[in-house]
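Right, one structure below, let's go through it.
The values are calculated or read from the model by the stated rules, or taken from the named source; none is laboratory data. These numbers were taken from a predicted model, which means no experiment stands behind them. Cβ placement follows ideal geometry from the backbone for every residue including glycine, while neighbour counts extend to all protein chains displayed.
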């Protein structure tokens, strides 16, 4: 797959993840009034740790593709986003394997920090004057490698990854919240 095709593919995957997050939020909101919504919310809640690990894995693989294969040199803010995303692969992978719902609290600082940096990075891509001092050495944090569909950039993709993982971990059925944090070994 060439770089242009990968850019479009990952942009569409990003929008799919955000759409799924929106559906999950709506189903959780309607779960008291709709059996279908309650069932969807419950079913996703049961596999939310594994889905979170999958999202973190795909985000990690995507960032590595764009830097190592497409030769898009990461800026300083990109590195901070990676520092927050990469550990989520291992944390959520182990949490999914152990069915440890309490792991979401270990992920929360990484989600908040990574999401905040991603949001700031996305903003300064559109308003470069707000980020004149964001990067010191290396590529400028205001440079944009691509804008798919007119608005999807690498910073937007990272932000979508953090938001999607956050929704998966924290928008779960009430019944799942009352279960023990760690299942039997």
* To do: Consider residue 53 carefully, then state whether it is touching a strand residue (DSSP E or B) at 6+ places or on another chain (Cβ under 7 Å), surrounded by 13 or more Cβ atoms within 10 Å (Cβ to Cβ), closer than 29 Å to residue 145 by Cβ and modelled with pLDDT of 95 or more.
  => no
* **Selection status of residue 138, modelled with pLDDT under 85, on the phi > 0 side of the Ramachandran plot and assigned to a loop (DSSP other than H, G, I, E, B)** => yes
* Residues located in the range 1-21, provided they are within 15 Å of the chain's Cα centre (by Cα) and surrounded by 13 or more Cβ atoms within 10 Å (Cβ to Cβ) -> 10, 11, 12, 13, 14, 15, 17, 18, 20, 21
* State which residue is nearest to residue 124 (Cα to Cα) when the search covers only the range 53-77 and only residues that are free of Cβ contacts under 8 Å to residues at least 40 places away in the same chain and in contact with a helix residue (DSSP H, G or I) (Cβ under 6 Å, 6 or more places away or on another chain). => 60
* Structure fact -> Subset of the range 22-38, residues assigned to a loop (DSSP other than H, G, I, E, B) and crowded, with 17+ Cβ neighbours inside 10 Å, comes to 31
* Asked: Do you know which residues across the range 77-122 are assigned to a helix (DSSP H, G or I) and more than 16 Å from residue 162 (Cα to Cα)?
  -> 94, 95, 96, 97, 98
